[in-house]
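Nothing in this text is a laboratory measurement; each read-out follows from the coordinates by a stated rule. Nothing here was measured: the structure is a model prediction, and the numbers come from that model. Backbone-built Cβ (ideal geometry, glycine too); neighbour counts: all protein chains shown.
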Amino acid sequence: MMKIKIFFYGFLLVFVVLLISVTNVSANRPAQIPTVSVPTVTGTPSGPMAIVKRDADQDQVNVRAGPSTEYDTVGVLIVGQQVPALGRTVGGDWVQIAYPGVAGGVAWVYSPLVDVVGSLPVIEPPPTPTPRTTPTIDPTLAAQFVHEIPPTRLPTFTPPPPLVIPTYEDVETSTANVGVPMGIVIIGLGVIGLFGTLISLLRGR
C-alpha cells in the first residue's frame, strides 16, 4: 500500500514539473504579428468628369455605343454617379465617357442628363450602325402556300307568282217570294192523316 502511494505522488510531481516547463516556454515565445491587408491608396481621378444630374426625371440614364438613339444601349448610369468624360460631339449634344466593360472602354451619354466639369475636346463620332434589315417575303415562295378559292355562283332569286285572292259576291236576300215553312206543311199533313185515320175507324163500326 505504501508503494502505491509513493508511485502516485511521484507521478503527480513529474506531471506538475512538465506543466510548469511548458507554461514558461509559451510565455517566452514572442507573439505572432497578425497579418492584415494593407489598404491601397487610390487617388481622385483627374480630368473632366460627367455627373448624372440629380434633378433628372428618372433614376438612371442610358449609356449608348454612339452619340445617337440609333445606337444600342450598352449600360446605364444612376443619378449622382460620376464618370470620366473624354469628349463631346460637334453640337455638344452627346458626351463620350470612360465606360469599362464595353468594346473600346468608351460609351456615350446624352449631355442634357449630365453635368460636365471641365472642358472637353470635340471627338469624331463612330460610324452610324448599319440599319437592321426588315425581313421580306419571297412572293414566289408565298404563292405556293396561297390557295385561291374560286368564286361560287350565287343562287338566283325567282319571284313567286302573284297571289290570287278569290272574291265572293254578296247574295241578295229577296223578301218577295216568301214560301210556307216546311215544318208547317209537315204538321198539316200529319193532322190530315190523323183525321183520315179517325174517320176510317168511325166508319168501320
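3J(HN,Hα) couplings calculated from phi for the range 70-83 with the Karplus curve 6.51 cos²θ - 1.76 cosθ + 1.60 (θ = phi - 60°) are, in sequence order, 6, 7, 6, 7, 10, x, 9, 10, 8, 5, x, 6, 10, 9 Hz; Gly and Pro show x. Computing FRET efficiency as 1/(1 + (r/R0)^6) for Thr167 and Ser200, where r is the C-beta to C-beta distance and R0 is 41 Å, gives about 0.10. Annotation: amide H of Trp94 within the under-5 Å range of Thr89, Ser111, sequence separation 5 or more or interchain, hydrogens built in the peptide plane. When the square roots of the Cα gyration tensor eigenvalues are ordered a ≥ b ≥ c, the ratio a/c for the range 49-117 is under 1.5, which makes its shape rounded.
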